[in-house]
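This report concerns only the one structure given below.
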Amino acid sequence: MNRGMRILLIAALLASAATPAGAKKEKDAPAPTQGSSAEPDNPYPSTYKAYPGVATAIRGATIFDGEGGRIDNGVIFLSDGKVTAIGGPDTPIPADIAVFDGTGKYVTPGVIDIHSHLGDYPSPSVDALSDGNEATAPVTAHVWAEHSVWPQDAGFGRALANGGVTSLQILPGSANLFGGRSVTLKNVPARTMQGMKFPGAPYGLKMACGENPKRVYGSKGREPSTRMGNMAVNRQTWIKARDYQKKRAAGKDQTRDLGMETLADVLEGKILVHNHCYRADEMANVIDMGKEFGYKVTAFHHAVEAYKIADLLRDNGICSALWGDWYGFKMEAYDGIRENIPLVHRAGACTIVHSDDENGIQRLNQEAAKALGAGRRMGIAIADEVAWTWLAINPARAMGIADQTGSLKVGKMADVVLWNGNPFSTYTRPEKVWIDGALLYDSANPKLRPVSDFELGQIGAGDVK
Amino acid sequence: MSYKNHPLPPFALSLSKGRSFFRKKGKASTGSARTVLGALFFVLSTPAFTQSLAITGATLAIGDGSEPIRNGTVLISAGKVTAAGAGIAVPPGTKTIDAGGKWVTPGLVSGYSRVGLVEVPAVNETNDASARSPFSAAIDVAPAINPLANPIAISRTAGITRAVVVPSTGTGIFAGQGAVVDLGADMNAITRARAFQYVELGEEGAKDAGGSRPAAILTFKTMLREAQAFAKAPASYDGRSKDALLNRVDAEALVPVVTGAMPLMVHVESARDIVTVLSLRQDFPALKIIIAGAAEGWMVAPQIAAAKVPVIAGGLDDLPSSFEKLAATQSNVGRMVKAGVAVSMGLMDRDEGLQLRLATQQAGNMVALNKVQGATGLSWGQALRTISSAPAEAMGLGDRIGSLKVGRAGDVVLWDGDPLEMTSAPIAVWIDGVPQPIDNRQTKLRDRYATPSEGALPKAYEW
């Protein structure tokens, strides 16, 4: 079924993406019969399988469906790993199943973090485990973040238990202009990265604007050392990538190049671009660069100045993945404001709350609350259930997994959090978290929380973290 | 020691912007909020420092660990709290603000920060937190505190009125002398200069000492003995000989540490290192120790409590982010408080110069833990205490700042909701009884870009 879902997803992507002629033909052809640039299909496949769950219903809770809908005194029914029914108090549920009383509690889809480095910058933060930036060249489109993911990072478990995070995208760091491929994971402990890999999720490409690439390479006396250098190296790389992509699409012989394969997939709309970029003026340059080379940025990440160009972002259909209130730690973050998220939201552009941080990922709901409060104080009335889209369907769409998760719709993965109060309150915590219908965290059951290999047998292991 | 006595300085005329902000808000508000804001406007427009002020009808938190009081009143006169509680009579003629049930707290105190030392951390020219210098212990942050740094205004607007400012090490294990500051809109930021000495004795200390903890401990003890030698015979102390670790200036700076006249803030995280630090009093009995960090403090909480050593912790530190934090847990603060340790919270590890406003988030999350089985949290009042009176007391300033008890500074915040909720924010802030501007660089950017597209003129003309 996983493979079937992946094929479905690829078909959907191909149908929806504005791919150049030939791209579809290339993918439709039997892969191994092409020229020497032929790529193996899915060489590091997901081995994730949903853990067993029991049919479960929650009654009487306030439900945010993740797409902006709200049901008071709602009922949700989960079975066979899916959402099988959702509605008001009269929603029929079978007898003889586990029913939880949700009175005074809230149900949401699991939180999705579009920007995490868990596993590739794990705890403990020691050099031996620091695998997030291949900071040896400004263009490393050939690296895949999944090959750095250490599944024993205790941060995954904290994100589950404290943050209700059920899916997350692990990106390479931002030292490089082209940082490499991202990977999307289900937040389920596993022995291998493949055991966490989200079945059928498209890959992303991490790119970075601004200070990081120019500082890292400028300090080594190399290009780029300026923002114009950043753009020049980007453009030269895209010229090569388009050439590679054209040859590949035409079935011509060329030596396989991992970086070019990733970039060619971007140009064919199969890999989604996640672009670290702070300043408004730089985002505008990147938008034009996308038009110059025929690709689209899916989301600007960090984007502390997105509020200055919210109209531009809306008109170009680009999401902004933002912090609640982080600002000022470097020059390009100087103009960060707490109203960034509500202002971008009000302009009608896609808005996402992200963490980029092993602590922030444990409280993305609170980051959203900061934005919600700041927005309301300046007269931007956003309903709680609408704000939850920042943590649910919006990141799911920007990660290409919205057909599978990101909202509580019948048939979708039962990635669900039962919160012990309004999740925008600081006093609220996840009470239970289900992933694909399996109960993987229960605040009332001290045994139902993950202890990574790294923490097992250490002081404090099994402690409520 | 300059406890300031300021009229509003000329540059605080930015208050006029604050008023216009209030008016704007007032229009959008309804009912009691308008009453509150209208009254505030009156107060702000007549900012005579000596004026008395009463805030009535408040959900009032004193900051001493007690739970909030309904329908409370706080009275401020001559810049100090003269009464706070329920059933307080307001003297006739006192300017009065009806809080209409809204929350009032003491101004919050950050137990660990670098505010005023840093504008943009990654821009070296604006970062005065550390130096590669011939000096260490003698470094005094007080003259470098910039009251006009934007993070001061941003933090003040979020209800932080005082902060412990901590230098970081540049050369060796001692970072120098930290300060306690106020975040008022004036040029007199110092509440107490040279409030403590700072030393690293955990992983960072080992690194600073050349690579090991034994080297750090030996360096520490040797330096303190050199300070003792200096104290005995200042004229004959030769800080230039090959064997001397301290130059004369640094030796002199450590004298009050050895005598206990100046607190020593020690940064350690692991249970092992905490025990080692507590044992330093065997060699130096007068040491007045404050522990910063203590991620594993819960494991040795009874020992810390018995030693009567206050702890300033980073409250939400729950990851084994280093080998000295393998037992880190969010229950750390709750468990230490339960064991009788005086615990404050501050910003450790990151954003210390900028994000003091995270204090309310740290405290709120301590309250949330009470609903998680197996976790230990704090009551609401205890949580507020960790970001108000507890850090003040750790600094020996509990009789002057950090709570709304009689005689404390008139540092007061009126909030639009529960202060520990992330959706809440201050409506008004007073420091030493002086109303503070409620705008900052960020609110001006917000207002400029309330609509992103240009109007009749470029955005640069909207100010």
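Since every read-out is calculated from the coordinates, none of them should be taken as a lab result. Since the model is a prediction, treat every value here as computed from it, not as a measurement. Note that each Cβ is placed from the backbone with ideal geometry, even for glycine, and that neighbours are counted across all protein chains shown.
Expressed as an acute angle from 0 to 90° and rounded to the nearest 10, what is the orientation of the C-alpha long axis of helix A:227-249 relative to the principal long axis of chain A?
The helix A:227-249 is inclined about 90 degrees to chain A.
Considering all projection directions equally, how large on average is the shadow of the alpha-carbon convex hull of region B:343-463, in square nanometres?
Numbers: hull surface 42.6 nm².
Dividing the Cα hull surface by four gives the mean projection, 10.7 nm².
Exposure proxy check: A:Tyr51, A:Tyr441 ranked by fewest other beta carbons within 10 Å?
Numbers: A:Tyr51 14, A:Tyr441 23.
By the 10 Å Cβ count, ascending, the order reads A:Tyr51, A:Tyr441.
What is the percent of Cα-Cα separations in region A:86-242 that go past 24 Å? If you can, show how the numbers build up before the last one.
Details: 5833 of 12246 pairs.
Of all Cα-Cα distances in region A:86-242, 48 percent exceed 24 Å.
Take the Cα atoms of region A:168-286, find their three principal axes, and give me the spread along each one in whole Å, biggest first.
Reported extents, whole Å, longest axis first: 41, 38, 27.
Can you tell me the convex hull volume per residue for region A:221-280, based on C-alpha atoms, in Å³ to the nearest whole number? Let's see the in-between values first.
Working: hull volume 6.6 nm³, N = 60.
So the per-residue hull volume is 110 Å³.
What residues have an amide H closer than 5 Å to that of A:Ala61, excluding those fewer than 5 places away on the same chain, when H is modeled at 1.01 Å from N in the peptide plane?
Here the answer is A:Gly74, A:Gly102, since their amide H atoms fall under 5 Å of that of A:Ala61.
Just to compare against my own numbers: the Cα pair-distance distribution for region A:214-253, 10 Å bins, whole % per bin, please.
Calculated over all Cα pairs of region A:214-253, the distribution is 30, 32, 22, 16, 0 percent.
Using only the C-alpha atoms of region A:399-465, find the volume of their convex hull and express it per residue in Å³. List each step's numbers first, then the result.
Values: hull volume 9.1 nm³, N = 67.
Once divided by residue count, the hull of region A:399-465 is 135 Å³.
Send over the Kirkwood Rh of chain B, from the inverse of the averaged 1/r over different Cα pairs, rounded to one decimal Å.
Taking the inverse mean of 1/r over all distinct Cα pairs, chain B comes out at 22.9 Å.
For region B:277-387, what percent of Cα pairs sit more than 22 Å apart? Display every interim value, and only then the final one.
Details: 1815 of 6105 pairs.
Counting pairs separated by more than 22 Å, the tail of P(r) holds 30 percent.
Give, rounded to the nearest 20 debye, the magnitude of the charge dipole that the protein assembly as shown has about its Cα centre when Lys and Arg contribute +1 at Cβ and Asp and Glu contribute -1 at Cβ.
On the way: 95 positive and 90 negative charges, 243 e Å.
I would put it at about 1160 debye.
With no solvent and one point per C-alpha, what does the Debye sum give as log10 I(q)/I(0) for region B:164-312 at q = 0.10 Å⁻¹?
The calculated log intensity ratios at q = 0.10 Å⁻¹ are -0.35.
Percent of Cα-Cα pairs per 10 Å bin, from 0 to the last occupied bin, for region B:42-180, please list those.
Percent of pairs per bin, in order: 11, 30, 25, 19, 12, 2.
Tell me, B:Val268, A:Val386 in order of fewest to most beta-carbon neighbours within 10 Å? Don't skip to the end; give the middle numbers.
On the way: B:Val268 28, A:Val386 16.
Final ranking by Cβ density, sparse to dense: A:Val386, B:Val268.
If you stretched the chain out fully between A:Thr91 and A:Arg222, how much longer would it get, using 0.36 nm times the residue separation minus the C-alpha to C-alpha distance? Intermediate values should be presented prior to the final figure.
Details: separation 131, 0.36 × 131 = 47.16 nm, distance 6.36 nm.
Between A:Thr91 and A:Arg222, full extension yields 40.8 nm more.
For the protein assembly as shown, take the alpha-carbon Rg, divide it by the Kirkwood Rh, and send me Rg/Rh.
Numbers: Rg = 28.4 Å, Rh = 29.1 Å.
Using only Cα positions, Rg/Rh for the protein assembly as shown is 0.98.
Would you list which aspartates and glutamates come within 14 Å of B:Lys288, measuring only between C-alpha atoms, while excluding same-chain residues fewer than 8 positions from it?
Here the aspartates and glutamates satisfying the reach criterion relative to B:Lys288 are B:Glu393.
Okay, helix-only estimate at 222 nm for the protein assembly as shown: each DSSP H run of n ≥ 4 adds -39500 (n - 2.57), divide by all residues, round to 500 deg cm²/dmol; what do you get? Numbers along the way, then the final one.
Values: 25 runs with 254 residues, N = 928.
Rounded to the nearest 500, it is -8000 deg cm²/dmol.
From the gyration tensor of the Cα coordinates in chain A, what semi-axes in whole Å does the equivalent ellipsoid have, largest first, with each one equal to sqrt(5λ)?
Values: eigenvalues 246, 128, 97 Å².
Output for chain A: semi-axes of 35, 25, 22 Å.
Calculate the spin-label point distance for A:Lys330 paired with A:Lys447, positioning each point 7 Å from the Cα along the beta-carbon direction, and give it in nanometres.
Once both label points are built, they end up 4.7 nm from each other.
Please list, in order along region A:376-384, the HN-Hα scalar couplings obtained from phi with the Karplus expression 6.51 cos²θ - 1.76 cosθ + 1.60 (θ = phi - 60°), rounded to whole Hz, x for Gly and Pro.
Whole-Hz 3J(HN,Hα) from phi for region A:376-384: 5, 5, 9, x, 8, 8, 10, 6, 3.
If each residue's Cβ is checked for other Cβ atoms within 10 Å, how do A:Arg279, B:Arg441 rank with the fewest at the top? Could you put the intermediate results ahead of the total?
Values: A:Arg279 24, B:Arg441 16.
Neighbour counts put them in this order, fewest first: B:Arg441, A:Arg279.
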